[in-house]
Amino acid sequence: MSDNKNIYVLLTDTGTMFTKLIKRITAAPYNHASLALDENLNEVFSFGRKCANNPWVGGFVEEDVYEGTFRHFPGTRCALLRLEVTRQQYEAARRVIRHYQDEEEAYGYNLIGMFGVLMRLDITRERSYFCSQFVAEAMKQSRIHLWDRPSSAVTPNDFFQHPAFEVIYEGMLYDYPLLDQSRLAGFPYPLQTVAR
């Protein structure tokens with residue numbers, strides 16, 4: 001019996017004006033990356049919006065797929081990627097996340113770095129990350145080596161295209177079958193999404 005565990009990368013596209021602008025530049029299907037420690041998406045972490053209606057105020061966030069930004073954008077599309085890791089790597093990832101939780105106020109959003117990666121420039125700022133930079137760095141700090149390049153040069157699409165990841169779900173976020181249906185009651189679903 002394997003002692004290995006899984007960690008997940010949740011890629012999303014909320015369809016906002018800001019993400020449409022990024023999509024125009026990248027031509028990639030998803031423009032936000034989050035690190036998830038469970039397949040039910042109860043423990044999801046990233047660097048992103050601190051306030052759902054303001055893309056300019058960002059930092060380390062514990063994302064709640066039932067509340068916050070995702071609830072404001074119920075038409076969010078996503079891809080959930082699974083990566084098998086050792087138990088030691090998984091526990092290391094938990095410790096890395098705990099560090100960011102404990103030091104949350106000391107970290108900021110690397111907006112300049114995000115625009116830098118879109119232009120293929122490596123712009124690293126101390127104690128600042130954009131979403132995919134954070135996920136790549138958290139994995140690197142957990143001894144999960146995926147690329148031989150700086151974390152600030154990793155985009156959400158790089159996760160999507162990496163052969164080590166298995167796409168286990170792709171579609172509307174709120175159609176993901178492992179979400180807690182009782183918590184979705186009363187959500188403003190768009191068009192044809194879940195009628196469970």
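The values are calculated or read from the model by the stated rules, or taken from the named source; none is laboratory data. Note that the structure is predicted; figures quoted are calculated from it, not measured. All Cβ positions, glycine included, derive from the backbone under ideal geometry; neighbour counts span all protein chains shown. Heads up: the accessible areas ignore ligands, DNA and RNA and are worked out on the full protein's heavy atoms, side chains in. Shrake-Rupley method; radii C 1.70, N 1.55, O 1.52, S 1.80 Å.
What size of dipole, in debye to the nearest 20, comes out for segment 79-162 about its Cα centre when the only charges are +1 on Lys and Arg C-beta atoms and -1 on Asp and Glu C-beta atoms? Could the numbers behind the result be given before it?
Numbers: 11 positive and 11 negative charges, 46 e Å.
Dipole magnitude for segment 79-162 comes out near 220 debye.
Just want the answer: with Cβ charges of +1 for Lys and Arg and -1 for Asp and Glu, which residue in 141, 169, 41 is farthest toward the dipole's positive end in the chain? So the residue furthest toward the plus end is 169. Of the solvent-accessible surface of segment 114-169, computed with a 1.4 Å probe and all protein chains present, 48% belongs to carbon and sulfur.
Take every DSSP beta bridge with both residues inside segment 4-184 and express the antiparallel ones as a percent of the total, to the nearest 5.
Approximately 95 percent, going by the DSSP bridge assignments.
Taking the Cα centre of the chain as origin and assigning +1 to Lys and Arg Cβ atoms and -1 to Asp and Glu Cβ atoms, the resulting dipole is close to 480 debye.
Classify segment 1-80 as rounded, prolate or oblate, taking a ≥ b ≥ c as the square roots of the eigenvalues of its Cα gyration tensor: rounded when a/c is under 1.5, otherwise prolate if a/b is larger than b/c and oblate if not.
Details: a/c = 2.17, a/b = 1.57, b/c = 1.38.
Prolate is the answer for segment 1-80, as a/c is 1.5 or above and a/b outweighs b/c.
The magnitude of the dipole of segment 123-179, with charges of +1 and -1 set on the Cβ of Lys/Arg and Asp/Glu and taken from the Cα centre, is near 320 debye. Only helices enter the 222 nm calculation for the chain: every DSSP H run of n ≥ 4 contributes -39,500 (n - 2.57), and dividing by all residues gives -8000 deg cm²/dmol, rounded to 500. Normalising the Debye intensity of the chain to I(0), with uniform scatterers on Cα atoms only, and taking log10 at q = 0.09, 0.15, 0.17, 0.20 Å⁻¹ returns -0.31, -0.90, -1.18, -1.64.
Positive-end ranking of 31, 53, 179 along the dipole of segment 4-184, with charges on Cβ about the Cα centre, is headed by 31.
At a 10 angstrom cut-off on C-beta neighbours, averaged per residue, how do the peptides 81-94, 126-139 rank from highest to lowest?
Numbers: 81-94: 16.5, 126-139: 23.2.
Ranked from most to least packed, the peptides come out as 126-139, 81-94.
Straight Cα distances below 28 angstrom link residue 23 to the lysines 50, 140, with same-chain residues fewer than 8 positions distant left out.
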